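Worksheet: one structure, shown below.
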Amino acid sequence: ELEVARGTEDPVAECEALGNVGMCLRATGAYAEAQQYHEDQLRFAVQNKDPISEAQAYSHLGDVLSCMGRHQRALGHYEKDLALSQTSQDLAGQARAQAGLGNAYHSLGKYQRALQAHTQQLAAWRQIPDRAGEAC
């Protein structure tokens, strides 16, 4: 997928492919390698001035760090994801960021903060006309 995306010279496709490879690596437990792909995704998004892809990369990095048990560091990435998603008025991105924040706070034993984040996640989903993300 990544080689095909690189061959098209489509920066959005390449950025997405970097993220997809990283997510697959994370799923297999190859966290350090996944982190590298997501850092490359982030650099690529910043270089191409793509704030939505940048926000997604921060989310992916937060997810990898959470899998590694580095929840405090993951919070910083989810906060950057949230800020970019708010600036871009990306409600799905805001919901994603709040989910990450809620999960990280929960893992740190900060249950009130987790509840606040998940409540804000639900509020963001409810503002989206297609609310499939609310169903779980």
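The values are calculated or read from the model by the stated rules, or taken from the named source; none is laboratory data. Please read these numbers as outputs of a predicted model, since none were measured by experiment. Backbone-built Cβ (ideal geometry, glycine too); neighbour counts: all protein chains shown. When the accessible area is computed, the model is the full protein with side chains, heavy atoms only, and any ligands, DNA or RNA have been set aside. Shrake-Rupley method; radii C 1.70, N 1.55, O 1.52, S 1.80 Å.
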Which listed residue is more than 18 Å from Arg26 (Cβ to Cβ), among the aromatic types (Phe, Trp, Tyr) and either surrounded by fewer than 18 Cβ atoms within 10 Å (Cβ to Cβ) or in contact with a Phe, Trp or Tyr (Cβ under 6 Å, 6 or more places away or on another chain) (or both), from Tyr105, Tyr111: Tyr111
Members of the range 67-89 that are closer than 14 Å to Arg26 by Cβ and buried (at least 23 other Cβ atoms within 10 Å of the Cβ): Ala74, His77
Unmet requirement for Thr8, which otherwise passes all of (1) surrounded by fewer than 16 Cβ atoms within 10 Å (Cβ to Cβ); (2) over 29 Å from Gln127 (Cα atoms); (3) among the polar types (S, T, N, Q); (4) at pLDDT 95 or above: (4)
Glu39 being within 21 Å of Gln120 (Cα to Cα), assigned to a helix (DSSP H, G or I) and open to solvent by 50 Å² or more (accessible area, probe 1.4 Å): no
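Okay, residues lined up against (1) of a type in the set (Lys, Arg); (2) closer than 16 Å to Gln120 by Cβ; (3) part of a helix (DSSP H, G or I):
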site	(1), (2), (3)
Glu14	no, no, yes
Leu18	no, no, yes
Cys24	no, no, yes
Arg43	yes, no, yes
Ile52	no, no, yes
Tyr78	no, yes, yes
Gln86	no, yes, yes
Gln89	no, yes, no
Arg96	yes, yes, yes
